[in-house]
Amino acid sequence: MKYTPDEAFEEIKRRGRKIRLDHEKKMTKLMWAVSSVFAIVLIGTMGMYVNPGNQAFKRVLDSNYVDMSGLIRLMNDRIDGPESLVCVSRPRRFGKSYAAKMLMAYYDCSCDSHALFDKKIIARTKAYEDHLNKYNVICLDITSFLSEAKSFHRPLSEVPQMMVEAVREDLKRVYPNLPARKTLNEELLCAVEEPDGKPFIFIIDEWDALIREA
C-alpha cells in the first residue's frame, strides 16, 4: 500500500502507539502476577534481586545525602491498602535511584538498618518500627535487563520473562527448600507461607524504560 507523506506519518504514529500499548500490557501482567506483594515503582541499580541488603544505601549516606526518608512514611501508609502500587516520577538526576536504595535498606528483612535511619525524619513517625526490616524485598532495574537483552540479541518482548526467570532463580538463594511451582506468583505465595515467611515488597527502578525503548 502506498501512502502520502502525511498518511505515512500517521501510520508510523499508529504503529508506535500499538507497540507501546503491547509492552505496557506485558509490564502490567508482570506486576499483577505477584498479587500478594506491595509494589513501589520508581522511574529512575541493583545487584541481587531478592533481599539485596542495605550496603547500597550506606554508600549513598557517605555522599552529600539529603534526607528523603519522609517518603517512607507515604509508602508505609499504603502497605496493605487499596493503593499499594506507587509511582514516584521526577526529572532526571532528582535522586530516584537514591530513593530506591533507601527503600530497599528500610524494608529489607535480611539486614538491620536502625543505624541508618534512627536519626532520620522517618524515625519520628509512629509506624517507624512497625515496618523497619520487616519484609522480603525484590528489586528490579529494568535498564539492566534491557542491556542484557540487547547484548544477547534478544527481542524486547522477552524482557518481562527474563525478569521473572531472574527473580525465580534468586528466590532459591533465599528459600533453598522452596518447592518448584508453575509460576512466580505461586512460588512467592509459598515463600510467604513458610514458617519464617514475610510479605514481599517490589521496588522497580526505571520501570518505564521498556516502554521508552519500544
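A short reminder: the numbers here are calculations on the coordinates, not readings from a lab. Nothing here was measured: the structure is a model prediction, and the numbers come from that model. Counting neighbours? That spans all protein chains shown, and the Cβs are built from the backbone with ideal geometry, glycine included.
Laid out as a table, the results:
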{"quantity": "Ranked packing of 125-131, 138-144, 157-163, most packed first, by mean Cβ within 10 Å", "calculated": "138-144, 157-163, 125-131"}
{"quantity": "Relative contact order for segment 131-214, counting Cα pairs under 8 Å that sit 6 or more residues apart, in percent", "calculated": "51 percent"}
{"quantity": "Sites residue 119 and residue 83, calculated FRET efficiency, Cβ-Cβ separation with R0 30 Å, nearest 0.05", "calculated": "0.55"}
{"quantity": "Full-extension gain in nm, residue 194 to residue 178, via 0.36 nm per residue minus C-alpha separation", "calculated": "4.9 nm"}
{"quantity": "Vicinal HN-Hα couplings computed from phi for segment 104-115 (Karplus, 6.51 cos²θ - 1.76 cosθ + 1.60; Hz; Gly/Pro x)", "calculated": "4, 5, 6, 8, 4, 7, 8, 9, 10, 10, 4, 5"}
{"quantity": "Segment 48-182 - charge dipole about Cα centre, Lys and Arg +1 at Cβ, Asp and Glu -1, debye rounded to 20", "calculated": "280 debye"}
